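Presented below is the structure to which this report refers.
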Amino acid sequence: MIYQIYPRSFMDSNADGTGDLPGINSRLEYLEWLGVDAIWISPIYPSPMADFGYDVSNYTDIDPLFGTLSDFDSLVQTAHAHDMRVILDYVPNHSSDQHPWFVASRAGRDDARRDWYLWHEPGADGAPPNNWLSSFGGSAWEWDPASAQYYYHAYLKQQPDLNWRNPEVQAAMYDVLRFWFNRGVDGFRIDALRQVIKDAEFRDNPPDPNWNPGRDPYRRLLPLHSADQPELMDIVHRFREVAEEYPERVLIGELWLTIERLVAYYGREGRGLHLPFNFHLILTPWQAPAISALIDTYEAALPPKAWPNWVLGNHDRSRVATRVGAAQARVAAMLLLTLRGTPTLYNGDEIGMHDVPIPAHLVQDPFEKNVPGIGVGRDPERTPMQWTAGPGAGFTAGMPWLPLADDYREVNVERQRGDPKSMLTLHRRLIELRRRTAALSVGGYAPVYNDDDLLVYERQADDMRVRVALNLSHAARTIPWSEPKSTVMLSTHLDRDGEVGEQLDLRADEGLVLTMP
């Protein structure tokens with residue numbers, strides 16, 4: 001199980017209101033207790049923080065906000081001592097405009113690093129070269145008066161895209177991977193992977209016929225020529241080759257793609273990503289038929305020997321407790337932690353944290369600032385981790401960089417750790433059950449039943465069969481049960497065990513894990 005840490009909001013050790021590496025280190029005992037196998041840490045590199053670390057100004061150091069390389073080395077050593085792996089974010093698509101590479105590239109058309117970024121002559125009447133849009137609003141092209149050309153930025157103008165068609169860029173960025181592998185990093189989650197290679201001819205993107213005004217303006221166009229290009233698999237193959245220079249390393253890709261395109265990034269004959277992130281549970285309506293169809297479609301599409309994975313929340317999307325409600329968030333936890341494949345859990349979801357409304361004067365996210373009024377801001381799901389009922393929620397002794405949730409005195413780790421029926425206890429018991437039950441950790445998957453409210457599936461390894469029955473409604477449900485003498489292993493309500501007879505009774509918002517006779 002992978003646990004995502006958003007470092008700004010996880011644990012602050014020095015009272016500056018922002019989380020840091022010593023803070024993470026201080027909470028590794030908790031993560032070991034929870035049952036975490038690997039921590040994935042969002043960017044901690046030196047950065048002007050225009051996009052909170054995703055604008056990297058030095059790929060081989062630590063930003064002072066988070067600590068030092070020595071702090072990082074200590075974190076890796078401690079994590080490994082707790083039998084946890086460490087995964088870092090890798091940001092190959094773009095750098096900061098303050099990175100020395102871009103500073104040199106911008107210095108003049110004849111600079112040796114000019115071609116390390118995507119520069120282009122203006123179009124007719126000085127307009128941008130094509131219609132490509134920034135994911136954060138507006139044109140993806142920024143005019144540079146000094147050199148009388150545009151440069152391309154898929155995100156903020158402070159995040160110019162690297163030119164991955166340049167072999168020198170490739171070599172430099174592969175060396176970044178080696179630098180961190182040599183420090184003991186166990187793997188990388190590759191950010192914005194689908195954007196890394198662009199159409200060599202810079203052709204216009206076509207309009208999306210399904211886009212409606214009032215939605216995210218980036219979605220007005222289909223990124224046919226600015227993302228998911230055929231040449232990208234050559235880069236992915238090279239990432240894999242670098243990773244295989246080191247034993248037992250993992251590569252994970254951020255890929256917001258259809259199932260068909262997503263699974264292509266496993267590559268052929270083990271030459272692709274180990275885990276192309278599957279975000280479709282975040283995007284799928286919280287309805288049993290839709291979820292059942294998603295699982296079946298994904299399982300059928302996986303290449304031979306490919307290992308699946310599931311993501312239910314992260315730092316860019318509304319929290320699961322907000323999307324489905326507090327009661328169904330418990331059912332969602334059981335779904336995530338009993339499906340076949342590697343689950344990724346976002347910090348705070350294990351205690352049921354929800355989105356926090358951010359007053360306009362406290363908004364930090366550049367996405368919300370650039371495209372206000374339509375709810376694209378990501379601050380609500382990035383608020384500080386709620387550790388205790390004390391000042392600063394136990395996250396900081398200072399002023400937190402984002403507001404705390406109003407309910408942190410009730411919803412926190414300390415309180416839930418001592419509650420045998422809490423959301424945190426449910427997560428710990430699910431993770432422990434998954435670890436000790438081969439059918440759940442490595443077994444196969446088979447659908448059993450679904451209707452408008454219920455989802456039932458089976459996991460099997462050797463002679464052991466486990467069924468998971470989930471009630472996605474707020475009403476009690478009863479269904480005939482073809483497996484008498486099945487035994488309840490775990491309920492999301494944490495108050496039930498014993499045998500099941502010829503019918504299965506599920507309370508409102510309840511999920512069950514059962515062993516088959």
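Worth pointing out:
- Rounded if a/c under 1.5, otherwise prolate or oblate - the chain, Cα gyration tensor axes: prolate
- Summary value for the stretch 248-381: 20 percent relative contact order, contacts being C-alpha pairs under 8 angstrom separated by 6+ residues.
- Residue-averaged 222 nm ellipticity for the chain, from DSSP H runs of 4+ at -39500 (n - 2.57), nearest 500: -7000 deg cm²/dmol
- Compared with the dominant Cα axis of the chain, that is its longest principal axis, helix 69-81 is turned about 20°.
- FRET E, pair Asp216, Ile259, Förster distance 22 Å, beta-carbon r, rounded to 0.05: 0.55
- Dipole orientation for the chain: of the candidates Trp101, Tyr6, Pro129, Tyr6 has the Cα lying most toward the positive pole (charges on Cβ; Lys, Arg +1; Asp, Glu -1).
- Degrees between helix 288-301 axis and first principal axis of the chain (Cα, 0 to 90, nearest 10): 60
- The stretch 294-342 versus the stretch 214-232: alpha-carbon centroid distance in Å: 24
- Relative contact order, percent, the stretch 59-159 [alpha-carbon distance under 8 Å, six or more residues apart]: 19
- Rounded if a/c under 1.5, otherwise prolate or oblate - the stretch 127-283, Cα gyration tensor axes: oblate
- Separation of the stretch 152-193 and the stretch 455-483, taken as the distance between their Cα centroids, equals 44 angstrom.
- When the chymotrypsin sites (Phe, Trp or Tyr not before Pro) in the stretch 1-81 are filtered for DSSP coil states and for at most 10 other beta-carbon atoms within 10 Å of their beta-carbon, no site remains.
- Those lysines that a straight Cα-Cα span of less than 25 Å connects to Lys157, excepting residues fewer than 8 apart in one chain: Lys198, Lys369
- Computing FRET efficiency as 1/(1 + (r/R0)^6) for Tyr30 and Leu69, where r is the C-beta to C-beta distance and R0 is 25 Å, gives about 0.55.
- Cβ-defined net charge surrounding Arg85, 9 Å radius [Lys, Arg +1; Asp, Glu -1]: -4
- Listed residue (Ala321, Val356, Leu262) projecting farthest to the positive dipole end of the stretch 238-385, Cβ model: Leu262
- Cα coordinate range in the stretch 348-404, projected on the principal axes (Å, largest first): 35, 25, 13
- Globularity index of the stretch 444-515 is 1.02 (Cα radius of gyration / 2.2 N^0.38 Å, N = number of residues).
- Counted by neighbouring Cβ atoms within 10 Å, the residues Ile259, Ile291, Ile24, Ile62 run from fewest to most as Ile259, Ile62, Ile291, Ile24.
- Full extension of the chain between Arg268 and Ala475 gives 69.9 nm of extra length, using 0.36 nm per residue less the Cα-Cα distance.
- Dipole magnitude (debye, nearest 20) for the chain, charges at Cβ of Lys, Arg, Asp, Glu: 600
- Contact order normalised by residue count of the chain, Cα under 8 Å, 6+ apart, percent: 12
Every number here is computed from the coordinates shown, using simple stated rules; none is lab data. What you are looking at is a predicted structure, and each value in this text was computed from that prediction instead of being measured. All Cβ positions, even for glycine, are placed from backbone atoms using ideal geometry, and neighbour counts span all protein chains on display.
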